[in-house]
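Here is the structure we will look at.
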């Protein structure tokens, strides 16, 4: 690593970065140029490749192709330590702080000043106080992290990287966890850092905020850089269209199967989060039998909370959830499942499978109190095996047999098993979160067809997905979520990409939301 | 299938080998001959009387192992099995000595009291966990000490047999409250034990408990919910399992089975609760559950091995070998078994994944290789 820097060189330059993972090309030739002493935003939807790119820049993994230049000098990072040594620091979306330690202890963790066994506490605290005052971060080094609010924790994370002499600070979706006042405060802090010559990289999907604070914006879509613009040259709508693409997939034009029988109804649902934040902000909607309601929105805007509230695993602070006209307030999760609530979880391994258990036990999960899996209190192993074979056959699950452990299957086959398990259990209302994640194209089309057939039979589906083709192709109606609020209800056959993108990213608020 | 058998045997054999090596080293360090030691141990096992003793000793270990394993399967660590069974045994002995009922009822009463008291005491830890989030490892260990105090107090102040001066113990239970031995039954099938050797009837109860354990866990809805909660609490929750209810039911049931374990000595041998009552049965149960990897057959083997080592150690003092070698054998066996099981399990899992991927790929050539886990 050379110490000389080329004059006038960008603080960061990424040339033609390519990064592949099994089954997907996350970065497919990304270019980025960041001028020193500026706030540079990187925008894009989920899956566009932003996080992968930042991990490459931070040294968490090596790119398959392309170059990284810092201050004009080419770098190779074998680990984040190399990146830190060159002055790059990253503030992650999920904080990495120990609640039972103080701020200064968290900050020096891994980089303790002093010799041998003694930590030079005084030097550490002095330095932290100095940095805190210089940049207006206002964090008390002796405060216990567990007692700090979210905004203060984030500032502690920023101090962490500044303590290590970062001159380039990357922030990954920093405003996701903040309320509006804290967002303004963060932006003030960032401007203060920049005034001192620090370069800021800022990943976000919230275009309204980006336009407020960035000096330059790079738009990433499907693994590629699609534009590099200055905020003064674009409107939010333009940005949204760049993010989402100028053309949306064509919706399915078959006849509507929507009935007027309400299968699932949410009324003024409120779920409170930390501090004043509302995870679900007075959400109301109806799904009828024979209808698929697609939930559009960048991940982290209340979709998980919505699903958990309907399932009954997240307590509600206000409002009601009703299924087939029945208020679910005192109805247990088990009873809801028995009433015909199906669930395809968004994270199959965390929430949907017993990895070490055989497939036939996994097919029972969620339905273990019902025929054919149980007769009274006893499990019906034969019944479970029969149903499992049906699922394997009809949903093309590639496996040596129904006795194999779930972890032996590939991700796509695990997903097919879960979809099959839910669809064969005759649900009345189905929560489908990213139902074809990881599934190959052929099987994906078949699952979509299965969903359409079930819909024609009267199934009501809440479809949460980041795949626009899936959302537009399947949904009868689109509900856009931002910051826990239902901000717009759109018709998938007539919505324009700019509109959809704008609602999803806050570039535009709906005049009225249904 | 053959591979499964190999994997099933590999770990225990490996563990046995390691523990023998370590114990041999310990013996050599104190200047004793491993060969002499092992020969003395083998000879201690080499009689009908010894084998019967092993079975008798192993039975309560087995039941205690099942009690602890039930909790483990759910991700719950019932370290307090020790105090649960002692409280249960004390109360059962006191009640049992106070009444006389026709034989089967008398025994049944004693067993029910033991299981109810032990289960209720375990429930205390359960309530703490469910209402306050107190980790059950911490609470059950602390409750251990409290139980020791309570049992001592109740025994010395209220429940003791006043006619006995030198030690504290409850009154003896009348013979109607004794569990019959199996010697006669063995006689009917033509097997006669030498006189003085008694095969205790508790073995039948232990075996039945094992069967019940298997049925409950593998064949009932409750067992499925329990295992699902232990394997993946979030998936279990989404599938409808009530987490708090599951915790309470499991810990109380675990405690009740622990109470049952104490019935071996009480009903077959000692017939009263006092200073001679075995202590630390609970911790042996934990060891045996770990050795048996929480499976009813594995725990049976583990209990037999544990009891065998104990029995075998009895002949050591005569041969001039420190009997603590038995403890070293037990300890290293446990440690190396746990490590060996984990190593073999990972090996087996990786093999299963590879095999499934190969078979899935063979069905449709030309498709991209599936990732091992997404």
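Values quoted throughout were computed directly from the atomic coordinates according to the rules given, and no laboratory measurement underlies them. Model, not experiment: these values are computed from the prediction. Here Cβ is always computed from backbone atoms with ideal geometry, including for glycine, and neighbour counts include all displayed protein chains.
Numbers below:
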item	result
Rounded tilt (10° steps) of B:324-363 against the dominant C-alpha axis of chain B	30
The stretch A:441-463 versus the stretch A:70-90: alpha-carbon centroid distance in Å	47
Alpha carbon centroid spacing (whole Å) that separates the stretch A:170-199 from the stretch B:36-96	63
DSSP-defined antiparallel bridges as percent of all bridges, the protein assembly as shown, nearest 5	55
Chain B: most fluctuating residue of B:345, B:314, B:165 per GNM, C-alpha cutoff 10 Å	B:165
Hull volume in cubic angstrom per residue (convex hull over the Cα atoms of the protein assembly as shown)	225
Rounded to 5, the percent of DSSP beta bridges in chain A classed as antiparallel	55
Range of Cα positions in chain B per principal axis (Å), largest first	86, 56, 45
Sequence of A:206, B:171, A:212 once ranked by neighbouring C-beta atoms within 10 Å, starting from the fewest	A:212, B:171, A:206
Order of A:225, B:140 - criterion: other Cβ atoms within 10 Å of each residue's Cβ, fewest first	A:225, B:140
With eigenvalues of the C-alpha gyration tensor scaled by 5 and rooted, the stretch A:273-344, Å	21, 16, 12
Ratio Rg/Rh, restricted to the stretch A:347-426 and using Cα atoms, in which Rh is the Kirkwood radius	0.93
Sum of -39500 (n - 2.57) over DSSP H runs of 4+, divided by residues of chain A (222 nm, nearest 500)	-9000 deg cm²/dmol
Peptide A:326-338 - average C-beta neighbours from other chains (10 Å radius)	2
Diffusion coefficient, µm² s⁻¹, Stokes-Einstein with Kirkwood Rh over alpha-carbon pairs of chain A at 20 °C and 1.002 mPa s	86
For the stretch A:203-227 and the stretch A:95-138, distance of Cα centres in Å	33
Cα-based radius of gyration of the stretch B:1-126 once divided by 2.2 N^0.38 Å, which approximates compact folds	1.52
Tilt relative to chain B, helix B:202-219 - C-alpha long axis, 0 to 90 degrees, to 10	30
Cα convex hull of the stretch A:12-244, projected area averaged across orientations, nm²	13.1
Mean shadow area of the stretch A:71-166, taken as a quarter of the surface of its Cα convex hull (nm²)	7.3
Other protein chain Cβ atoms within 10 Å, averaged over every residue that makes up A:312-321	1
Partner chain coverage, peptide A:356-368 - average Cβ within 10 angstrom	4
Cα gyration tensor category, rounded, prolate or oblate, for the stretch A:312-360 with a/c compared to 1.5	prolate
Chain B: calculated mean residue ellipticity at 222 nm from DSSP helix runs of at least 4, using -39500 (n - 2.57)	-23500 deg cm²/dmol
Degrees, to the nearest 10: B:2-29 long Cα axis against longest axis of chain B	60
